[in-house]
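Quick note: the coordinates plus some simple rules give every number you see, no bench work behind them. What you see is a predicted model; the values in this text were computed from it and never measured. When we count neighbours, we look across all protein chains shown, and the Cβ atoms used for this are built from the backbone with ideal geometry, even at glycine.
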Amino acid sequence: MPSENLTARLVEGLKPGSSRLEYFDRRVPGLALRVSTVGGKSWVLLYRHHRRQRRWTIGRYPTLSLADARERAREGLRAAERGHDPAQAKQDAHDAETFEEVAARYITEYAEPRKRSWKDDRRLLRTEVLPHWRHRPVGEIR
């Protein structure tokens, strides 16, 4: 894995079709720019967690600049040193149950079998609550 001194100009000029898919940064160990065969570019961080090599996709270029990718990579490396796994945290956030899913489960598993007024509960959730809370992960609600 040869590393280069990545610059904004070099990153901008990388084109698909090259024999290399990843360009590693010399300044931040483990940070690399992946260039897909169709031209998409994304920042990844290779690190170790419990002696296993892990890959965390930080973000896409040009949405995430080189400087921002370096900062996020440093944060990820610090987290890995403290025993946290940034890639797993991203996956957990992606898999988080939304308020809408919990509300639907409440109606089918609790309200319908136990309450005569379950239709009122369903209507209230649909009209008053879900428009504002539908996509919020349950873990974020306090």
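Distance from the alpha carbon centroid of region 80-133 to that of region 19-60 works out to 34 angstrom. If the cut-off is a Cα-Cα distance under 26 Å, which lysines reach LYS41, setting aside same-chain residues fewer than 8 apart in sequence? List returned: LYS15, LYS90. Helices in the chain, meaning DSSP H runs of at least 4 residues, each add -39500 (n - 2.57). Divided by all residues, the mean residue ellipticity at 222 nm is -10000 deg cm²/dmol. Couplings 3J(HN,Hα) of region 129-142, computed from phi: 9, 4, x, 9, 10, 3, 9, 6, x, 4, x, 8, 7, 10 Hz, in residue order, whole Hz [Karplus 6.51 cos²θ - 1.76 cosθ + 1.60, θ = phi - 60°; x for Gly and Pro].
What angle, in degrees between 0 and 90 and rounded to the nearest 10, separates the Cα long axis of helix 66-81 from the longest principal axis of the Cα atoms of the chain? The answer is roughly 70 degrees.
Relative to the 2.2 N^0.38 Å rule of thumb, the chain has a C-alpha radius of gyration ratio of 1.51. Of the GluC sites (Glu not before Pro) found in region 1-100, the ones in coil according to DSSP and having at most 15 other Cβ atoms within 10 Å of their Cβ are GLU97. Nearest 10 degrees, 0 to 90: what angle lies between the long axis of helix 86-95 and the longest principal axis of the chain (Cα atoms)? That helix lies at roughly 30 degrees to the long axis.
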